[in-house]
Amino acid sequence: MEKFEQIFTIVNEQAEKFEQQDMTYLDGVLAMLEGTLDGKFSWHVEGATKEDMRKAIQIAILKGMRKNTQPNHQMTPDTLGLLVSYFVEQFYEETLKDGAISVADLALGTGNLMFTVMNALDGKISATGVEVDELLIRLAAATADLIEQPVSLYRQDALEALLVDPVDAVVCDLPVGYYPNEEVALDYELCAAEGMSYSHHLFIEQSLNHTKEGGYLFFLIPAALFESEQAKDLHQFIKKHAWIQAVIQLPEGMFASRAHEKSILILQKQGTELKAPREVLLAKVPNMANKEALAMFFQKVQLWKKNK
Ligand code: SAM
């Protein structure tokens, strides 16, 4: 058995015991992780890495989410997290050579996206996460402690006033849909002129509010983001405050249906001494199993970066 499977087996057995005592499986996973940190459960898998731990916890959380489906319980899959890590590394290559960056995710969820990026760039990221759901943020907090990654967490509506200092970069798998608090939405340039505003639009604006000038923002967006009836306003807003660096389409096969398809949107917050990129990188990630096509995709990114 691989190390992450050994860890999963331990977490799973204890979560199932909790389940028999009338807890949901997901609450059981949380109780197991928090109990481990409190010293209530003592276990050890020799030679396990931070990635083994993250993957094992991720599988247990996914199992819990499948058992009790809730609309806001979604986790960013590893393939997407790894692609985002690749782009963060590319855009911050120079800084990361002998420095670190601060990164925020205002829709942290279980933290799987953030922790995938942090483990990939281990020791180079200090993170801030905001999440409204209590169970998800507690899972994220326990995971961060177990994989020893430095994260400051805020349990709140990320679209309300945030006490977060501007960060170097943002990663975010945007929550998609209408934002119910119309009063808070009024504080945003992207507040809809009529009817309810889109959460995903407001999250882009709020993320830019908390990013330093010149910082990059890596969003997982609905593939049809620029096709809605409010897309014109979003376009104008982005043009005013940021530069689109890249729009990366993801392979269709990765998603359950057309409605669930996502792309990666990379923005740079405008700054007085900075310039827009000469060309926006428009690329499509091929099927991950096609090694040759994948190599060509990475070559295209490198070429764009050289001429940027
Ligand atoms: N990247 C996350 C992960 O790997 O687990 C998944 C993010 S999920 C697509 C979007 C998250 O946004 C959900 O966890 C949801 O609870 C959270 N969310 C939605 N609206 C929010 C709000 N107004 N403030 C804070 N979090 C919010």
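For a quick check: with amide H placed at 1.01 Å from N, whose amide H comes under 5 Å from Gly214's, ignoring anything fewer than 5 positions away on the same chain?
Residues meeting the criterion, in which the H sits 1.01 Å from N, are Lys269, Gln270, Gly271.
Could you compute Rg(Cα) / (2.2 N^0.38 Å) for the chain, with N its residue count?
On the way: Rg = 19.7 Å, N = 308, 2.2 N^0.38 = 19.4 Å.
So the chain has a normalised radius of gyration of 1.01.
Aspartates and glutamates within cross-link reach of Lys97: Cα-Cα under 19 Å, excluding same-chain residues under 8 positions apart?
Leaving aside aspartates and glutamates fewer than 8 places away in the same chain, those within reach of Lys97 are Glu89, Asp122, Asp168.
For the chain, what does -39500 (n - 2.57) per DSSP helix run (n ≥ 4), summed and divided by total residues, give at 222 nm, in deg cm²/dmol to the nearest 500? Spell out each step's value before the answer.
On the way: 11 runs with 134 residues, N = 308.
Mean residue ellipticity, 222 nm, calculated: -13500 deg cm²/dmol.
If a paramagnetic tag sat 7 Å from the Cα of Lys308 along the Cα-Cβ line, which residues of segment 145-184 would have the backbone N under 19 Å from that point?
Residues passing the 19 Å test: 167-172.
For Lys262, give me every one of the lysines with a C-alpha distance below 17 angstrom, ignoring sequence neighbours fewer than eight places off in its own chain.
Lys284
Kindly give Rg over Rh for segment 151-285, based on alpha-carbon atoms, with the Kirkwood expression for the hydrodynamic radius.
Values: Rg = 14.9 Å, Rh = 15.7 Å.
On the Cα set of segment 151-285, Rg over Rh gives 0.95.
I'd like the trypsin sites (Lys or Arg not before Pro) in segment 15-122 restricted to DSSP loop residues with at most 15 other Cβ atoms within 10 Å, sorted by number.
Those satisfying the criteria are Lys40.
Give, in nm to one decimal, the length gained when the segment between Arg66 and Glu13 is fully stretched (0.36 nm per residue of separation minus the Cα-Cα distance).
So the chain would gain 17.4 nm between Arg66 and Glu13.
Calculate how steeply helix 199-209 sits against the longest principal axis of the alpha-carbon atoms of the chain, using the helix alpha-carbon long axis, and give the answer as 0 to 90 degrees to the nearest 10.
Around 80 degrees separate the two axes.
Just subtract the alpha-carbon distance of Gln6 and Phe298 from 0.36 nm times their residue separation and send over the number in nm, one decimal. Write down the numbers at each step before the final one.
Details: separation 292, 0.36 × 292 = 105.12 nm, distance 3.37 nm.
So the extension gain works out to 101.8 nm.
Given 0.36 nm per residue, what is the gain on full extension from Lys40 to Ala256 after removing their alpha carbon distance, in nm? Write down the numbers at each step before the final one.
Working: separation 216, 0.36 × 216 = 77.76 nm, distance 3.94 nm.
Net length gain for the segment: 73.8 nm.
Let's test the formula: R0 of 45 Å, r as the Cβ-Cβ distance of Asp145 and Ala193. What FRET efficiency results, to the nearest 0.05?
0.50
So what's segment 1-114 giving for Cα Rg divided by 2.2 N^0.38 Å, two decimals?
Details: Rg = 16.3 Å, N = 114, 2.2 N^0.38 = 13.3 Å.
Cα-based Rg divided by the globular estimate yields 1.22.
Once the Cα atoms of helix 134-146 and of the chain are each reduced to a long axis, what angle between those two axes, in degrees from 0 to 90 to the nearest 10, is obtained?
The two axes meet at around 80 degrees.
Pick from His210, His260, His73: which is most flexible by mean-square fluctuation in a GNM of the chain where alpha carbon atoms under 10 Å apart are linked?
It is His260.
So what's the angle, to the nearest 10 degrees on a 0 to 90 scale, between helix 50-67 and the longest Cα principal axis of the chain?
90
Pick from Gln74, Gln58, Gln20: which residue has the top mean-square fluctuation in a GNM of the chain where Cα pairs under 10 Å get a spring?
Evaluated over the chain, the most mobile residue of the options is Gln20.
For the cross-link pairs Lys124/Lys275; Lys55/Lys306; Lys212/Lys305; Lys269/Lys300, which exceed 32 Å when the distance is taken from alpha carbon to alpha carbon?
Details: Lys124/Lys275 26 Å; Lys55/Lys306 34 Å; Lys212/Lys305 21 Å; Lys269/Lys300 23 Å.
Too far apart for the 32 Å limit: Lys55/Lys306.
Please list, in chain and number order, the residues 5+ apart from Phe41 or on another chain whose amide H is under 5 Å from its amide H, with Hs placed from the backbone.
Hits under the 5 Å cutoff: Thr36.
Name the most mobile residue of Leu186, Leu82, Leu108, meaning the one with the largest mean-square fluctuation, in a Gaussian network model of the chain with Cα contacts below 10 Å.
Leu186
In nm, give the distance between the simple-model label positions of Asp122 and Arg155, each being 7 Å from the Cα along the Cα-to-Cβ direction.
Rounded to a tenth, the inter-label distance reads 3.0 nm.
When only Cα pairs under 8 Å and 6 or more residues apart are kept, what is the percent relative contact order across segment 109-262? Walk me through the numbers before you get to the answer.
On the way: 183 pairs, mean separation 28.2, N = 154.
It comes to 18 percent, rounded to a whole number.
Can you give the relative contact order of segment 65-136 as a percent, counting alpha carbon pairs under 8 Å and 6+ residues apart?
Worked out over segment 65-136, it gives 37 percent.
Every number here is computed from the coordinates shown, using simple stated rules; none is lab data. Everything numeric in this text was worked out from a predicted model, so none of it was measured. Here Cβ is always computed from backbone atoms with ideal geometry, including for glycine, and neighbour counts include all displayed protein chains.
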